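Q: Following this message is one structure expressed as structure tokens.
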Amino acid sequence: MSHPLPPFERALPIASGVLLFALLALLFVSISVVLVDDVFETQHISAKKGQLTLSESMFSNYHTIPLKGEWEFHWGETLTPESYHIYQERLYTAVPHSWEKSTYGDQPIPQYGVASYVLHVNLPDSPAEYGMLLPQIGNSYRLFVDNQEIASAGKVGATADTSEPAYRAGVVTFKASTQARIILQVANFDYYWGGIWHNIHFGKRSDIERKNLFGVLRSTIIVSSFLILAIINLIHYSLRPSVLLPFVIALSCLLLGGRELEDSQLLGRIGYHDIDWHTHARASFLTFILATATLTASFHLMFKDSFQRWVMLAIYAFCTFFALLTVFFEPLFASQYMYIFQFGVLIGIVYVLARLMVNVRKRQRAAGILLVGTLFLFVLVANDILYNLGWVKTGHTVSFGLLAFVLCQLYVTYTKFIHATEENQTLYTVLETRNRALEELSQNLEAKVEKRTEELASANKKLKNLANQDPLTSLPNRRGLLQYINEFMSGNLYTATPMTLLVLDFDNFKQLNDVHGHDAGDKVLLMGAQLMRAALRKSDSIARWGGEEFLIFLPDTTLEGAKILADKLNQLAQNELSERINIPVTVTIGIAEFRLGETFDECFKRADDALYQGKSAGRNTVVLAKSALR
């Protein structure tokens, strides 16, 4: 009979559901605040015929005011404060708006060229410090207030050769009294969209700086949230690498975090303006395209049976095509076709929502909560696309939608974990009952199994030691030393680092065994190994190569240094070792220094040949192999 979970654990799904609802409500409130602040509260304040009158009460009520409405527009001109009075004709255009969707007078504005915007802002009588929060303006500009140039980005020119785009957004401040005349030169020869795309916010300096700070904090929180959610999903993926979904969600979070970083102009707001414009444009497109692909993949992984394979392949191919278009072509070319991708995303949204509704009707676990998060996300994705197309004036909100979706996905993952815990608890209880019965019937068998397991573990441990260690001397064997030498040489084969091999062999060892017995021979090998190991440096390595033969590897050692050590080892064997065991013992040593590019086998062969030269010459000697320049 199963035992129920403790009350605290049973309450976890309910508590997490309440927390999810609270977070979604908080996101909804945040979106409402953004829309009210940026769109609805100041909707009635708009420039007319290039004039905008602002009162002290407006600054008190709204703090910052978007400079939207009708600006004077001079196509093909780069006006300055000195040249402005020359022009008598006054034509107007709506701001914000990109050129390809705007007109001045009765004429459509070309997509590429240069123009000047002029706005007269009538201010309260008392002089004050004012500021403007500048968005990205496409795609180079110079900004004048009264007779002073206060900001610029790139180079404004009348042709593509004399103009240079730049990415620059942030706060500018200035002093003004009763009126501020704003002249803004804008040039675009590098992008499908030109002109003033987003609202320029105007206000008292302190209010502008506060709004900028609020935007920085908001974007920082969103980017940090994406990063945290990505880390959480990567942790989930590391625990179960066979389940790809957490990795895809993590990748989506990273991409959307990067898009929020770019789209919110966060770097520009904190004073970092060294981003290449083409890099900025490509990053904007790629994060959007790749995030679309990864989010679609996450739905596919969650409900594989509900998504037709050919449709998913078409979506992936669609995203891949536009990603390659962005990477291999200039933004001027790629941006002309980006609206096709945006329309494709809207169609994809409809398809994914339809598939999710099918799963909800089938009452599949988690489909309902994921539908809520998906609706939250897709409504805001659609809003961003429509905003980019100029059909709505709400602003960018997709980051909030992705946060809502990922939170719902994490909730689903967590509740699955809770259900799995309940099932595991039930299974554990059943198994525990059965195990008690089995224990009563099979205690002797378990004892035998335990004993056998211990024997196998001990045998495996011994086998592991035998694989790399000599059982008599406890030194590495041939395999153990070769593994170390190969790893060391892989990084030093073609360097000038000196390396030397010593091949040491106990003389007349077979005769010693025959006369004094194998116990004496083992004693010679054991004590000899101890003496040699004590004479070496920590960086040196020694192994029993086979029988009475030992190999010593000396990194950072020349032939001359190795000769000194070999003479020392020869004397240790002849004197100290002989005295300890009361049997005369001598050794013959062959030495070879690695030549530049020489392999281990080649160097060992020369050292071994030197050893046998010493044996032939009468033993108890040290022989150097023929050397060469390294």
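The values are calculated or read from the model by the stated rules, or taken from the named source; none is laboratory data. Bear in mind that the values here come from a model prediction, so they are computed numbers and not experimental data. Cβ: placed from backbone, ideal geometry, glycine included. Neighbour counts: every protein chain shown. Please note that ligands, DNA and RNA were not included when accessible areas were found on the heavy atoms of the full protein model with its side chains. Shrake-Rupley method; radii C 1.70, N 1.55, O 1.52, S 1.80 Å.
Q: Suppose each label sits 7 Å from its Cα in the direction of the beta carbon; what would the residue 432-residue 510 distance come out to in nanometres?
A: Using points 7 Å along Cα→Cβ, the separation is 6.9 nm.
Q: Per residue, how much accessible surface does the stretch 127-172 expose to a 1.4 Å probe? Answer in Å², no decimals.
A: Accessible surface, normalised per residue, equals 39 Å².
Q: Something else: Under 5 Å between amide H atoms, partner at least 5 residues away or on a different chain: which partners does residue 103 have, H built in plane at 1.01 Å?
A: 94, 109
Q: Using 0.36 nm times the number of residues separating residue 574 and residue 626, minus their current alpha carbon distance, what extension gain do you get?
A: 16.1 nm
Q: Oh, and also: Could you compute how much accessible surface residue 59 exposes when probed at 1.4 Å, giving the result in Å² to the nearest 10?
A: It works out to around 10 Å².
Q: Determine the per residue accessible area of the stretch 485-630 with all protein chains present and a 1.4 angstrom probe, expressed in square angstrom.
A: Roughly 48 Å² per residue, with all protein chains present.
Q: Would you list, by chain and number, the lysines whose Cα falls below 29 Å from the Cα of residue 448, excluding same-chain residues fewer than 8 positions away?
A: Residue 448 reaches 461, 462, 464.
Q: Counting only protein heavy atoms and using a 1.4 Å probe, what share of the accessible area of the stretch 118-244 belongs to carbon plus sulfur, as a whole percent?
A: Ligands and nucleic acids excluded, carbon and sulfur reach 55 percent.
Q: Starting from the residue with the highest accessible area, list 65, 231 in decreasing order, probe 1.4 Å.
A: Putting 65, 231 in descending order of accessible area: 231, 65.
Q: Filter the cross-link list 155/204; 68/175; 68/211; 68/204; 605/626 down to pairs whose alpha-carbon distance in this structure exceeds 19 Å.
A: Over 19 Å Cα-Cα: 155/204; 68/175.
Q: If you average 1/r across every pair of different Cα atoms in the stretch 494-630 and take the reciprocal, what Kirkwood value do you get, in Å?
A: 15.0 Å is the Kirkwood radius here.
Q: Take the alpha carbon gyration tensor of the stretch 87-238, find the square roots of its eigenvalues, order them as a ≥ b ≥ c, and report rounded if a/c is under 1.5; if not, report prolate when a/b exceeds b/c, else oblate.
A: oblate
Q: Provide the per residue accessible area, probe 1.4 Å, for the stretch 307-359, rounded to a whole number of square angstrom.
A: I get 52 Å² per residue for this part.
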